[in-house]
Amino acid sequence: MTFDDFNFKPPLAQAIRDAGFREPSPVQKEAIPLVLEGRDLIAQAHTGTGKTAAFGLPMLQQLRCDGSVEALVIVPTRELATQVSDEIFRFGKALGIRTATVYGGSSYSRQLQHVANASVVVATPGRLIDLLQSGKITLSPRFVILDEADEMLDMGFLDDIREIFTHLPDERQTLLFSATMSREIKALAQSILRDPATVAITGGNVTNEKIRQLFYVVDETERDDALVRLLDYKNPEKSIIFCRMKKEVDRLRDFLAAQGYEAKGLHGDMDQRQREATIRSFKNGGAEILIATDVAARGLDVNDVSHVFNYHLPFDPESYVHRIGRTGRAGREGTAISIVSPHEFRALQRIQKSVGSKIESRIVPRIGELHARKNDELIARIRETKADASAFETIEALKEEFDLTTLTARLLTIVREHEAVRGADRIGKSLEEIERLFARLKEGRGGRGGYNKRGGRGNYNRNGGRNKRRNERRY
C-alpha cells in the first residue's frame, strides 16, 4: 500500500511525496481510512510511529478553508504544539491552510491574531482553557484531536480537558491518540467520543519493537562510572539521558562536560527561550547528549536519537514508555538502557510486566572489551578512509628514520592518546550475581519496592504506589 491509495487532493498528495512519504506506517494505514469515513477514533500506538500524519492528513483532506477554525489539536506541551503545528503546516500550505499555536509563556495578543486567521489550532490545555473561559476566543471545530492523551492525564490535565470539551460543539469528529490505554483514558474516551472505532498497533507490547531494551545492575555509587563506560562503549551518535530531578540534570551535565562530552541539560526551571535554544542545539548537532527530566522532555521529537539512558528508573511504567519512545522513531532502530540498583528490582519487574516487552540483562563492559571495541572501530575507519597526498608526503619524509611497522605503531599511539579508558576495570554486577539477586527477590529476601537512602529518592509506598503530586514538584 502507498499513500496514493488514499486518493488525497493533488496538492496534498504532492506535499506527501515532497516529504519523502511513500508507504504508510501501520497506524497511518489503519487510522486514515477511518478518519476519512467520519468515525470517532481511539488509536493506541507508541510514540514515533507517525501519529501526526495519521490524523493530520485525513483532516487536511476534508478542511473547507471557510475562514473559521475547523480543527483543534490538543497536546501536552509547548514543544509538541510547535512540532505538530509545523508538520500540519508543511502538508497543508499548498492547500492554503494556516495553523496557529496556543501555549503558555507567549504573548496573548499575537496568539489571538494567529487564531483569527487559522484553519487549524494546536494548543496546550492550560492556555487554551484560559482563552475559552475568558471569552477571548470561541471555537466550533469540526475536528478535535487529543494527541498524547496519556501524557496529558499524567501531567494532571484531566479536569482541564473535560472543561475544554464543555466549550466545544457536540457535532464534531473526535480522535484520541495515546501510547498507553489506562482506565482513566478509557473513561475519558467514553465521555467525549461517540461510537468510536479502535486502532491498536501495539498488541500486548506498548513499546516500539525496534527499540532494544537493556538493563545494567550496579551499586548506587557506580552510576556515574557505569554511565561513562556505557557511553564510551556504545558510542551513541545522539542520546538522551533521563533523570528524576532538576538538580540531578545540572550535576550530570557538569560531570559529563568535565569528561569531554558535549552535553546540555533540559528541565523545568529553564525559561522558554532557554528550552528552545537547547532543543535546537541538540537537533542541529551542537550537543551529542541531552540530559533531561521527564516533564521537560515530554513531546520532544528528534528522529535521529540512537540511544536513551535511564540514569534512574522512572516512577511509573507510563514514564518508561515515553522515555524510551524518544529513540527508534520514524522506522529507525534504537536502544534503551536502564542503570538500576538491586533495590530497584521490584520497580523493574513492575515496568516489564506493564509494558509487556523483554528488558534484557547485561553486564557493564570491562576495560579489555572497550579496548577491543575501539580497536575494531579504528580498523574499520582505516579501511574506509582514503589517504590524501599530504599523508604520503609525510610518510616519505619519515621513512628514512623509521621502518613502516614502527611508523605505523607511533601514529596509532598518537591517535589513541585521546581514548584513555576511564573508571575501574569492573563496574556493576556479573550475570551470576544478578541471577542470585532475582532469586532472592522471588524468595522475598531482597529488592524492596522502594528506594532506600542509599538507592535514591523514590516515593514508593509499601504497595508499590507513588506520591505523584510530590514527585512532580521535583521536575
Taking only C-alpha pairs under 8 Å that are 6+ residues apart, what is the relative contact order of the chain in percent? 16
Could the peptides 246-252, 185-191, 224-230 be put in order, highest first, of the mean number of other beta-carbon atoms found within 10 Å of their residues? 224-230, 246-252, 185-191
Folded to 0 to 90 degrees: helix 272-283 orientation relative to the chain principal axis, Cα: 60
Stretched out fully, how many nm does the piece from I379 to K247 gain, at 0.36 nm a residue minus the Cα gap? 43.5 nm
Going through the cross-link list K29/K358; K264/K386; K246/K429; K51/K264, which pairs have a Cα-Cα distance over 30 Å in this structure? K264/K386
Tell me the angle of helix 404-416 to the major Cα principal axis of the chain, expressed in degrees between 0 and 90 and rounded to the nearest ten. 50
Within a 10 angstrom radius of the beta carbon, how do H46, H114 rank from fewest other beta carbons to most? H114, H46
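When only Cα pairs under 8 Å and 6 or more residues apart are kept, what is the percent relative contact order across the stretch 1-103?
Contact order relative to length: 28 percent.
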To the nearest 10 degrees, how steeply does helix 78-92 sit against the main Cα axis of the chain, on a 0 to 90 scale? 70
Return the long-range amide H neighbours of F309 (sequence gap of 5 or more, or a different chain), with a cut-off of under 5 Å between placed amide H atoms. I240, I241, F242, I337
Rounded Å value of the spacing that divides the Cα centres of the stretch 63-132 and the stretch 353-426: 50
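All of the numbers you see were taken from the coordinates with simple rules; none came from a lab. Worth saying up front: this structure is predicted, and the values here are computed from it rather than measured. Cβ atoms come from the backbone with ideal geometry, glycine included; neighbour counts cover every protein chain shown.
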